[in-house]
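Structure, as structure tokens:
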Amino acid sequence: MKKKLLRMITAGALSAVMCLADVSAVFAGDQADQTITGGTQAQQVQSSSSESLQNEDGGGTSDAGSQDIALPSGAENVSSTSDSSEESTENSEPQTNSEDAGTVTEAVQASTDVENLVSAAAQIADFSSDQAAQISQQIEAVQSTMDSLSEEEQDILSGSREALDNAAAAVEAYQNPEQDQHSLVPDDGHQNSFRYLNGQPVTEALEDVSQEGDAIEAYADGESDSVVQGLKDGSISVSTAEGASLRKSGTEDTRDAQAILLGTGDVREGIDVSQWQGTIDWAAVKNAGVKFAILRCGYGENDSSQDDQKWEYNVAQCEKYGIPYGVYLYSYATDADGAASEANHVLRLIQGHTLTLPVYLDMEENGQRAKGSSTVVSIATTFCSAIRAAGYNAGIYSSTSWWNSVLSPIAYDTTFYHWVAQWNSSVTASAKYQMWQYADNGRISGISGNTVDLNRWYGDFPTPSAGNLPRTSDGTGVTYQTHVQNIGWESFNRSNGETSGTVGQSLRLEAIHIAITGNRNVGVTYQTHVQNIGWQNPVSSWETAGTTGKSLRMEAIKISLTGTDASKYDIYYRVHVQNIGWMGWAKNGEAAGTQGFSYRMEALQVVLVDKGAAAPSSEGAAVSEAFREKTTNVSYSTHVQNIGWQGNVTDGDTSGTTGRSLRLEAIKISSPVADIQYRTHIQNIGWQNGWTNEGNVSGTTGRSLRMEAIQIRLTGASASQYDIYYRVHVQNIGWTDWASNGASCGSAGYSYRMEAIQIVLVRKGSSAPGSTSRVFYQR
């Protein structure tokens, strides 16, 4: 046969495509020869440009940058190729076909060009827009060439033409991302990816093309119709000059160093299935030695029309025969909202089931990859966080090409499980993984008519999980993210009861984002009580509540639902607080946390449930109440050099600064239970004339004048009920002792600034908060 030689010639014209996509051997690879066996592989291209290329996975990566892509020789003037071809094969079998040799050469070249272009189209997201345009031009050129072939040749290459048309559709979809992606999904539910081109598995397309390439060579060599047909349908195998079959099977398993062996268990063989495997005889599957199964439950957002048609049957059968299982969902999400809906899709279907293996998000769509790494990682982590928050193990499935590029930021993060697809004898993904999909063409008893994906799980299975947190019946959920002292914004969004923040590390929460997922008719508002500020104004739907970059603790929070569907749900939340621990659950706008104690929030959990459903579990709560407030007797705020007005503090808390050499310039004091007056001693002014009533300003602003001393007194009936104590932090002195009831506190004649103040209101006759001996320094 001439195919090897002709491919070597064609490879010169196609070398750019081969280099860009590393696709000449995309789906070639040896499979383990065992009870679960891999079927026929796509024929490996034996060209000079491809012999050194190593198959990475279901799709290679692009390393060519802006390298130009040469048009396939079949799309150009073929005279030179035809000449060299005939010259190189003058001693081969004689031409007996009556067709012109140049035309026959075009047919052979076209079959080879199709194989490379189909492989490239499966990885179109690896290419730049300019390179994609060149591939599109190549496809059009080869389509034109195929249109010019004889009827016999077109009949032989009918499958190749269909594969090329699918490749053209894949490239067009990539070039026009503004189209509704779901409108591009064929009836079989598969869009374009490293596995599928418009519904047809790429491996099947490549194998069909390879077989038709053998057949068109046999036709060119004048073989009989029966030989041509046998090569076309794969019933006859091509042999090389050395007599070795080009279609290989059977190899030793090479365990990659990146695999994580869980516990002390052995490597276990398993499968993943969907409705495309038909009605499976699960008893036979178990008897064939399958140790686990990953079941597709559906694809896309939370719509029952996108449930896998065999999900209910497959999960019931696995549970009947005691086959450990996990699930996967084929993802079309292009943003975090879509990922959240896809998580709800899974959670709706697995409710009531006990899973041994994780829930995986199958990520392989070119439309997703084109969004870039940050978006892809956001989709993956949003989905996995929601699944884990519901009490299940969560993971991500993708090819080596994806793990080495768009998923690389989390390739070594073991927060979630990793499942790598690479149909070869080993894994080259730059990722830690617990499961490897090593073949897509297994044959196994109990699954008739279609091949099946083969997998290896490394070590012990996780503890089975049936979910442990309440959730809504329609899958609507809540997601949130906190900003933590010394950490910043947490890497992963949390959702539906998952803990955000830290416990046992004494780190304050400083800010938070919250959003509702899965239902656009319900929203959320929330407000936080912040150190030195008090209650902030409410914000909504992923806006920031709290502060960042100011080292201020959040002390309490209120969360409420909004929108036309708000009445369908209750939102519960609880916080972990310094010196207390987990507090009880608040709901629907109630306060959670503390006020008046200067305690930091350290962690929180938020759960959305159906209206009237039971509150989440109070397991681990230290107290039953959700909110603890210290009764405020007096509040005050100071105007500080270089800062301005600080937020109100209460009942002995410090207003101002210490250790920063900043002067107090003015003060406001008020009380809900007592009538207070005060006056201040000011640089260059002395004691201000008259007393200031509560809530008003004493001192100066905008004049850079320091407060040096203060007097505070009670009036009216409150003077007989309370004593008011106060002390100040003075330059070169530090804290004074406690003055009371109108006495001077601070200094005069030293030109020392007041830097901070504390004020306490106590019942008449109660003890002073501390020593009262030295309160005022004067000369």
What is the sum of charges, Lys and Arg at +1 and Asp and Glu at -1, for the other residues whose Cβ falls under 11 Å from the Cβ of ALA615? +1
What is the magnitude of the charge dipole of region 310-350 about its Cα centre, with +1 placed on the Cβ of each Lys and Arg, -1 on the Cβ of each Asp and Glu, and no other charges, expressed in debye to the nearest 20? 240
Projecting each Cα onto the charge dipole of region 635-778 (Lys/Arg +1, Asp/Glu -1 at the beta carbon, about the Cα centre), which of SER718, THR658, SER747 comes out farthest on the positive side? SER747
Once you charge only the Cβ atoms, +1 for Lys and Arg and -1 for Asp and Glu, what is the size of the charge dipole of region 496-588 about its Cα centre, to the nearest 20 debye? 80
Below 8 Å between Cα atoms, with a sequence gap of 6+, how large is the relative contact order for region 627-779 in percent? 22
Size of charge dipole - region 635-778 - debye, nearest 20, with Cβ of Lys, Arg +1 and Asp, Glu -1, no other charges: 220
Out of the DSSP beta bridges found with both residues in region 497-651, what percent are antiparallel (nearest 5)? 90
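With r as the distance between the Cβ atoms of SER624 and ARG713 and R0 = 51 Å, compute the FRET efficiency 1/(1 + (r/R0)^6) and round to 0.05.
It comes out at approximately 0.80.
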Quick one: if the Förster radius is 45 Å, what FRET efficiency do ALA748 and SER540 give, using the C-beta to C-beta distance and rounding to 0.05? 0.30
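Using only alpha-carbon positions, what ratio does the radius of gyration of region 267-458 give when scaled by 2.2 N^0.38 Å?
Values: Rg = 15.5 Å, N = 192, 2.2 N^0.38 = 16.2 Å.
Against the compact-globule rule of thumb, the ratio is 0.96.
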Using just the Cα positions, wrap region 627-779 in a convex hull and report its mean projected area in square nanometres, one decimal place. 9.3
Going toward the positive end of the dipole of region 302-346, with +1 on Lys and Arg Cβ and -1 on Asp and Glu Cβ, which of TYR330, ASN314, VAL346 do you reach last? ASN314
Burial ordering of LYS630, LYS587, fewest other beta-carbon atoms within 10 Å first: LYS630, LYS587
Log10 I(q)/I(0) at q = 0.23, 0.27, 0.29 Å⁻¹ for region 677-742, from Debye over equal alpha-carbon scatterers, is -1.08, -1.26, -1.32
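Sort ARG628, ARG753, ARG520 so that the residue with the fewest other Cβ atoms within 10 Å of its own Cβ comes first and the one with the most comes last. Can you show the working numbers first?
Working: ARG628 18, ARG753 23, ARG520 12.
Lowest to highest Cβ neighbour count: ARG520, ARG628, ARG753.
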Whole-percent pair-distance distribution, where bins are 5 Å wide, for the alpha carbons of region 477-629: 2, 11, 22, 26, 21, 13, 5, 1, 0
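Here, each number is a calculation from the coordinates, and none is a lab measurement. All of these numbers come straight from a predicted model, not from anything done at the bench. With ideal geometry, Cβ positions are generated from the backbone for all residues, glycine too; neighbour counts draw on all protein chains shown.
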